[in-house]
Amino acid sequence: MHPPSKAILMARLDKFLAHNPLPENLWVFAYGSLLWNPEMDVLESRRALLLGYKRGFNLLSTVHRGTPEDPGLVLSLRSGGHCEGLVFKINPETRDADFTNLWLREMVSLFYQPKWCDVDTAKGTIKAITFVADMESEQFVDFDEDTTAQMIHQAHGQRGPNIDYFNNTHNHLESMGIKDPLFTSLAEHIHSLEENTL
């Protein structure tokens, strides 16, 4: 599956904004690569908890971390459980440009569904936008851990190796004191693969 054109992505953005105008104080909930590479002008970040969703390596990445011929796997939010991450307050002066860039980055394959969610922080509940899985999409997958680890270990896309995405996210979560069992288990599988390729 090849990605849609920028014109299609921008048309989808215009349609979204027509029904969801951005607030002056835009908050974005980060749970994956945005944690360590937000590519936005962030004025403030807070530790945040989102209830009702959990991380999963459920998105076939055919652009950023893989190719159509050799797809990688990146994170999405799927129903159930909870997710700890960060919530970012975006500079109002760069909000529109930052959100456009965020949209082009996250919606590159039109897999995610942008969703406004209530996230809990130490300073209260915040309404933030995040990107959740479209579980009806043909790009939604749910592989066993061995397959998931193998794909992450070998795939490579426009933004670099899939394993770099995994390690950067895992390391950032650990630096925040977040122990996500998804990463703990997959890290063991990936470590075994790396030992076997030495």
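Laboratory data are not the source of any read-out in this text; all were calculated from the coordinates shown. Here the structure is a predicted model, which is why all the values come from computation and not from measurement. We place every Cβ from the backbone using ideal geometry, glycine too, and count neighbours over all the protein chains shown.
Among the GluC sites (Glu not before Pro) in region 1-60, those located in a DSSP loop and surrounded by at most 14 other Cβ atoms within 10 Å of their own Cβ are 24, 39. Beyond 23 Å in Cα-Cα separation lie the following of the pairs 6/115; 6/54; 54/115; 15/115; 15/127: 6/54.
Here region 72-101 is scanned for amide nitrogen atoms under 15 Å from the site 7 Å beyond the Cα of residue 147 along Cα-to-Cβ, giving 72-74. Stretching the chain fully between residue 22 and residue 121 yields a gain of 33.6 nm (0.36 nm per residue, less the alpha carbon separation). Spatially, region 10-68 and region 131-198 are offset by 18 Å when compared through their Cα centroids. Between the beta carbons of residue 47 and residue 193, assuming R0 = 35 Å, the FRET efficiency works out to 0.65 to the nearest 0.05. Using Cβ point charges alone (K and R +1, D and E -1), the dipole size of region 97-198 about the Cα centre works out to roughly 580 debye. Among 106, 138, which comes first, second and so on when ranked by fewest other beta-carbon atoms within 10 Å? So the ranking, lowest neighbour count to highest, is 138, 106. Candidate values (1) 43; (2) 24; (3) 35 were compared with percent of Cα pairs over 28 Å apart computed on the shown model; the agreeing label is (2). Structure remark: mean-square fluctuation, Gaussian network model of the chain, C-alpha springs under 10 Å; the largest value among 18, 128, 187 belongs to 18.
Computed over the chain with a Gaussian network model linking Cα atoms closer than 10 Å, the most mobile of 54, 15, 115 is 15.
Along the chain, the longest continuous region that contains none of the chymotrypsin sites (Phe, Trp or Tyr not before Pro) in a DSSP loop with at most 15 other C-beta atoms within 10 Å is 37-142.
Dipole of region 6-193 computed with +1 at Lys/Arg Cβ and -1 at Asp/Glu Cβ about the Cα centre; of 156, 122, 13, farthest Cα towards the positive end is 122. Comparing 145, 84, 69 in a Gaussian network model of the chain, where Cα atoms under 10 Å apart are tied by springs, the biggest mean-square fluctuation is seen for 69.
Summing +1 for each Lys or Arg and -1 for each Asp or Glu among the other residues whose beta-carbon sits under 12 angstrom from that of residue 80 gives +3. Using Cβ point charges alone (K and R +1, D and E -1), the dipole size of region 6-193 about the Cα centre works out to roughly 480 debye.
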